[in-house]
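Shown next, in structure tokens, is the structure this report addresses.
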Amino acid sequence: MSEGHVERGGLRRPLVAGRCAERAAGLAIAVGQTLPPAVRCLSDQLTRAALSTPLNLAEGLGRTGRDRLHHLRIAYGSVREAQSAARIVVASGLGDGEKAAQLVAELDELGALVWGLIRWAGG
């Protein structure tokens, strides 16, 4: 079974998504630290969006019903925001391009996982 599928009656997908979100957040912090002071605002935005994702996933998965779905949707929006910021880092050539490209790939995977969670939760 692939990592993105929910086992019957299990919580594999939320666990995989949470771990992926935590890895992406750590990598986003590392990428942000490589950016020059002139684009500190981009570093801050990337870090905030990436940190928001695992936190909203955790909160959403601790809730039920519409409240759960609300937090999962916020997490998805944060993933999309972090993806955009990471792609700007890659396109600009600022900071550590290799780490930024790795972050883009991680965020792409995370976006798919979070979207799957939204569908799983009934959204």
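Each value in this text was obtained by applying a stated rule to the coordinates, not by laboratory testing. The structure presented is a predicted model; accordingly, all values stated were derived computationally and were not measured. Neighbour counts run over all protein chains shown; Cβ positions are idealised from the backbone, glycine included.
For the stretch 63-123, just say rounded, prolate or oblate: build the C-alpha gyration tensor, square-root its eigenvalues into a ≥ b ≥ c, call rounded for a/c under 1.5, and beyond that prolate if a/b exceeds b/c, oblate if not. In terms of gyration-tensor shape, prolate. Taking every alpha-carbon pair under 8 Å whose residues sit at least 6 apart, the chain reaches a relative contact order of 29 percent. Multiplying the residue separation of HIS70 and ILE29 by 0.36 nm and removing their Cα-Cα distance gives an extension gain of 12.2 nm. A Cβ-based charge dipole, computed about the Cα centre of the chain with Lys and Arg at +1 and Asp and Glu at -1, lands at about 420 debye.
Test of understanding: in a Gaussian network model of the chain with alpha carbons linked when under 10 Å, which of ARG48, ARG13, ARG66 would top the mean-square fluctuation ranking? Highest fluctuation among the options: ARG66.
Spin-label pair ALA38-ARG119: with each label point 7 Å from Cα along the Cα-Cβ axis, the two points sit 4.3 nm from one another. Computed on the Cα trace of the stretch 12-120, the radius of gyration divided by the Kirkwood hydrodynamic radius gives Rg/Rh = 1.00. Using the Cβ-Cβ distance between SER84 and ARG63 with R0 = 25 Å, the FRET efficiency computed as 1/(1 + (r/R0)^6) comes to roughly 0.40.
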